[in-house]
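The values are calculated or read from the model by the stated rules, or taken from the named source; none is laboratory data. Keep in mind it's a predicted model, so treat the numbers as computed, not measured. For neighbour counting, all protein chains shown are included, and Cβ atoms are generated from backbone atoms with ideal geometry for every residue, glycine included. Calculation scope for accessible area: heavy atoms of the full protein, side chains included, ligands and nucleic acids excluded. Shrake-Rupley method; radii C 1.70, N 1.55, O 1.52, S 1.80 Å.
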Amino acid sequence: MNISTISNEWILFLAVILSSIATFITRATPFYMIKNYKPSPWLNAIQKHMGLMIMVILVCYALKDTRLNAYPYGASEAMAVLIAILAHLKFKNTLVSIIVSTLFYMFFIRVFKI
């Protein structure tokens, strides 16, 4: 074996080890720094409603390209949003609401082509 090949392999090995250590440190440090931290009521409110906030962002992003001035005038999107609202009111679960409304939206655009 060539000396430059061995040194290149060792450099690569050391780079992987050092990047693993750096990744572990950046992931573990916040847990050690804030172990005695008590969250504020504002942060608790955000945590409690985070799923619904994400769902609102997803709905806004999904509706940004909806054409309301041409056929089908956003009918599929409107029905999917209505189903998402009803599913969320019924099940109180953001993930279920997203999945159910997405399935119905795909059904509407594939089967009815609206």
> Looking at the stretch 55-72, which of its residues are small (Gly, Ala, Ser) and surrounded by 13 or more Cβ atoms within 10 Å (Cβ to Cβ)?
Replying inline: 62
> If residue 104 passes every condition in (1) modelled with pLDDT of 90 or more; (2) of a type in the set (Phe, Trp, Tyr); (3) surrounded by fewer than 10 Cβ atoms within 10 Å (Cβ to Cβ) but one, which one does it miss?
Replying inline: (3)
> Hey, among 12, 52, which residue is assigned to a helix (DSSP H, G or I), more than 24 Å from residue 97 (Cβ to Cβ) and either open to solvent by 100 Å² or more (accessible area, probe 1.4 Å) or not charged (D, E, K, R) (or both)?
Replying inline: 12
> Are there any pairs, at least 6 apart or on different chains, whose C-beta atoms fall under 8 Å, with the first in the stretch 73-90 and at positive phi and the second open to solvent by less than 40 Å² (accessible area, probe 1.4 Å), and if so, which?
Replying inline: 74/66
>> If I go through the stretch 73-101 residue by residue, how many of them are in a loop (DSSP other than H, G, I, E, B) and open to solvent by 40 Å² or more (accessible area, probe 1.4 Å)?
In response: 3
